2 protein chains.
Amino acid sequence: MKEVEELWREVRDLSLGNSGRVERLECPPNPVEFLRDFVTPNKPCIISNAISHWPALSSWPHHAYLSQTLSAATISLHLTPTGAADALAPLHSSLCFASAHVQHVPFPEALSLISNSEPHKLVAYAQQQNDCFRSEYSSLAADCDPHLGWATEAIGSEPEAVNLWIGNQHSQTSFHKDHYENLYAVVTGEKHFILLPPTDVHRLYIRQYPAATYTYSSDTGEFDLELERPTRHVPWCSVDPYPSVETVDDEMAKFPLYFNGPRPFECTVKAGEVLYLPSMWFHHVRQGADDGGLTIAVNYWYDMQFDVKYAYFNFLQSIQYRSTPSPMLKDNLAEEIDSGPDEYES
Amino acid sequence: MKEVEELWREVRDLSLGNSGRVERLECPPNPVEFLRDFVTPNKPCIISNAISHWPALSSWPHHAYLSQTLSAATISLHLTPTGAADALAPLHSSLCFASAHVQHVPFPEALSLISNSEPHKLVAYAQQQNDCFRSEYSSLAADCDPHLGWATEAIGSEPEAVNLWIGNQHSQTSFHKDHYENLYAVVTGEKHFILLPPTDVHRLYIRQYPAATYTYSSDTGEFDLELERPTRHVPWCSVDPYPSVETVDDEMAKFPLYFNGPRPFECTVKAGEVLYLPSMWFHHVRQGADDGGLTIAVNYWYDMQFDVKYAYFNFLQSIQYRSTPSPMLKDNLAEEIDSGPDEYES
């Protein structure tokens, strides 16, 4: 459908660039610059020297510091067999949307489970997204800023939620979008993001998947994955950007708009850096651990404006993608994009 | 086409409101507020007390002051038989896009021609849009501000053009859009705007019309209207929001998306007030004269950002509107919208 493909191209030509690189700033923008150059055009950037003064940068890489400071805390730990929570998983020869087993554990035990994560067996990830930094982790509050002043002034209100993420290289987050302006500060380790602008929505083949949840038995050390009853469907992105050698041909044939379309934006956010991840951008996240085996980040969710950009996005999503012969696309499969409401927002 | 109609509705529900009223501010916003609350969501507002300190407010209503200050100036005066310059006009039993006869005249003579304008005979309007305030009218510079500080700081650069408009109730401006962020300050008299957001583009039935130009003979007092040679086509809005009693039924039948769609935004900008007219909004302007028979305004054109909103607009315009049965629309005529490039920008 040449009109949609032209939109993918035009937003890159006009504003985002075609290199797939994310702009870097050497220091935080002032509120007017942040609004004008990034929030208004819905354009990501990586900001250095915005959190250099945080005590967290030096203290959080030490397990002993964390365990001691959080010795009395009970936190929500997400357990999966694969490291992929809130992601598609095979079930009954089909795919479901699988959520982690969430267990409330004393922090020192959680840190041990994260550190001893074993892929294909048990991967633990502290990634509760309910403003957990200001509740479960409140004893770490003094180690970083409660909000980012320039962003708060630009957006006009304090963050709606501040979340802490403690994991390692075994966890990843599948493609999804959030209805927030997101400022993502990496404290230790690094995060690898693949980003696609909202205008590329058809390239992710959002479809309805039945919701399922992992249950972990500490007795057997085994996971069970069961569909929710009554059945609930979740619209989710179908694309895995890192297919295995065995499945790559099949995945590329199933999702040609992703694999043959314009290059996604990719970036690595290192310890001490902040990513501005604009509202409604699709993102996939992998991570690299620090010397102590951890990746820790704090993210600030600020309210987004539901304005003309959001209305245009909904209009775009409501337009069924009809493939047309195009030199860019290798096949002409007609794809129907689900345009139902987003039931799941995280 | 229900997806397009849903877009018209959603942008009003989310951001613009459904009343057709334009928000009013009692004083100028600060740069962050202006960006966040108006430029980013592409939302108009009327601002009071932004130009109260301008000497122009008290001096320009006086013909003697203007004639004296501009006694040595030669200005570009637009002459038409109807007061409608840059508008559709009948020609050879069809419609053309008619531009005014532009004549360079000493200002005192221009002011006399404006004041003595007679509809259906000769209407004069000083409305040159080439940064004329900073060139032809430079001797008035001290009477108002060279730019609006809060807007300049928000947008990050000074105005690309500042224009002066001197006319009266006999002149009007047909529906069109500009590729600028526009701040429109009324000094004397008043302006009546009808505004439609860019998302309503299909409602204006933009079509290609052959360009023509009026020629005025001061000897005969007659106008001649002739097509440009070689032929040049201009994409222009087909809708006249104020059809005459004789043509109203016909016009409503031809343009149902305009006449039966959501209520347009309407506002009157009075002397001393400033309208923020966001980039790409369609606007139709009529005016009311002051006691001395004049309407005078200064407008500031600031560069707009050609970003995702602009790309979305082009995508929307590229989608052919196919009428579907709708309770809102009285007929089902299939309408084709021209999606060619805008050759004419003013």
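Tally the residues that are at pLDDT 95 or above and more than 8 Å from chain B (Cβ to nearest Cβ), restricting the search to the range A:1-10.
3
Considering each of B:TYR276, B:TYR344, B:TYR302, B:TYR310 in turn, give the residue that is in a loop (DSSP other than H, G, I, E, B), aromatic (Phe, Trp, Tyr) and either modelled with pLDDT under 95 or out of contact with any Lys or Arg (no Cβ under 8 Å at 6 or more places or on another chain) (or both).
Result: B:TYR344 is the single residue among B:TYR276, B:TYR344, B:TYR302, B:TYR310 that is in a loop (DSSP other than H, G, I, E, B), aromatic (Phe, Trp, Tyr) and either modelled with pLDDT under 95 or out of contact with any Lys or Arg (no Cβ under 8 Å at 6 or more places or on another chain) (or both).
Any idea how many residues of the range A:140-162 are crowded, with 22+ Cβ neighbours inside 10 Å, within 14 Å of another protein chain (Cβ to nearest Cβ) and not in a helix (DSSP H, G or I)?
Within the range A:140-162, residues that are crowded, with 22+ Cβ neighbours inside 10 Å, within 14 Å of another protein chain (Cβ to nearest Cβ) and not in a helix (DSSP H, G or I) number 0.
Being touching a helix residue (DSSP H, G or I) at 6+ places or on another chain (Cβ under 7 Å), within 14 Å of another protein chain (Cβ to nearest Cβ) and surrounded by fewer than 21 Cβ atoms within 10 Å (Cβ to Cβ): is that true of B:PRO108 here?
Taking the combined requirement at face value, the residue does not satisfy it.
Check off (1) part of a loop (DSSP other than H, G, I, E, B); (2) under 22 Å from the mean Cα position of the chain (by Cα) for A:ASN49 and give me the number that stays unchecked.
A:ASN49 satisfies every listed condition except (2).
Which residue is farthest from B:TRP301 (Cα to Cα), if the candidates are limited to the range B:118-139 and must be surrounded by 21 or more Cβ atoms within 10 Å (Cβ to Cβ) and of a type in the set (A, V, I, L, M, F, W, C)?
B:LEU122
Would you check which residues across the range A:11-43 are within 12 Å of chain B (Cβ to nearest Cβ), in contact (Cβ under 8 Å) with a residue 40 or more places away in the chain, crowded, with 16+ Cβ neighbours inside 10 Å and in a loop (DSSP other than H, G, I, E, B) and list them?
Of everything in the range A:11-43, those that are within 12 Å of chain B (Cβ to nearest Cβ), in contact (Cβ under 8 Å) with a residue 40 or more places away in the chain, crowded, with 16+ Cβ neighbours inside 10 Å and in a loop (DSSP other than H, G, I, E, B) turn out to be A:PRO29, A:ASN42, A:LYS43.
Return the residues of the range A:275-300 that are within 24 Å of A:HIS62 (Cα to Cα) and either out of contact with any helix residue (DSSP H, G or I) (no Cβ under 9 Å at 6 or more places or on another chain) or of a type in the set (D, E, K, R) (or both); say none if nothing qualifies.
Passing the criteria: A:LEU275, A:VAL285, A:ARG286, A:GLN287, A:GLY288, A:ALA289, A:ASP290, A:ASP291, A:THR295, A:ALA297.
For residues that are farther than 22 Å from A:SER112 by Cα, out of contact with any Cys (no Cβ under 9 Å at 6 or more places or on another chain) and either among the polar types (S, T, N, Q) or at pLDDT 95 or above (or both), tally how many sit in the range A:79-90.
1
Which residues, taken from the range B:23-56, are closer than 13 Å to B:LEU195 by Cβ and touching an Asp or Glu at 6+ places or on another chain (Cβ under 8 Å)?
B:ASN42, B:LYS43, B:PRO44, B:CYS45, B:ILE46
Just wondering, is there one or more residues in the range B:243-265 that are within 15 Å of the chain's Cα centre (by Cα) and outside any loop (DSSP other than H, G, I, E, B)?
yes
Looking only at residues that are touching a residue at least 24 places away in the same chain (Cβ under 8 Å) and aliphatic (A, V, I, L, M) in the range A:295-311, which one is farthest from the other protein chains (Cβ to nearest Cβ)?
Among residues in the range A:295-311 that are touching a residue at least 24 places away in the same chain (Cβ under 8 Å) and aliphatic (A, V, I, L, M), the one farthest from the other protein chains (Cβ to nearest Cβ) is A:ILE296.
Restricting attention to the range A:164-199, which residues are among the polar types (S, T, N, Q), surrounded by fewer than 24 Cβ atoms within 10 Å (Cβ to Cβ) and out of contact with any Ser or Thr (no Cβ under 8 Å at 6 or more places or on another chain)?
A:GLN172, A:THR173, A:SER174
Cβ-Cβ distance below 9 Å, separation of 6 or more or different chains: which pairs start in the range B:55-70 with a residue that is modelled with pLDDT under 95 and end on one that is loosely packed, with under 13 Cβ neighbours inside 10 Å and outside any loop (DSSP other than H, G, I, E, B)?
none
Testing A:PHE97 on (1) surrounded by 19 or more Cβ atoms within 10 Å (Cβ to Cβ); (2) over 20 Å from A:SER174 (Cα atoms), one condition comes back false. Which one is that?
So A:PHE97 meets the others, but not (2).
Out of B:PRO119, B:PRO159, B:PRO146, which single residue is modelled with pLDDT under 95 and of a type outside the set (D, E, K, R)?
B:PRO119
The values are calculated or read from the model by the stated rules, or taken from the named source; none is laboratory data. The model shown is predicted, which means the values in this text are computed figures rather than measured ones. Heads up, the Cβs are rebuilt from the backbone with ideal geometry, glycines too, and the neighbour counts pull from every protein chain shown.
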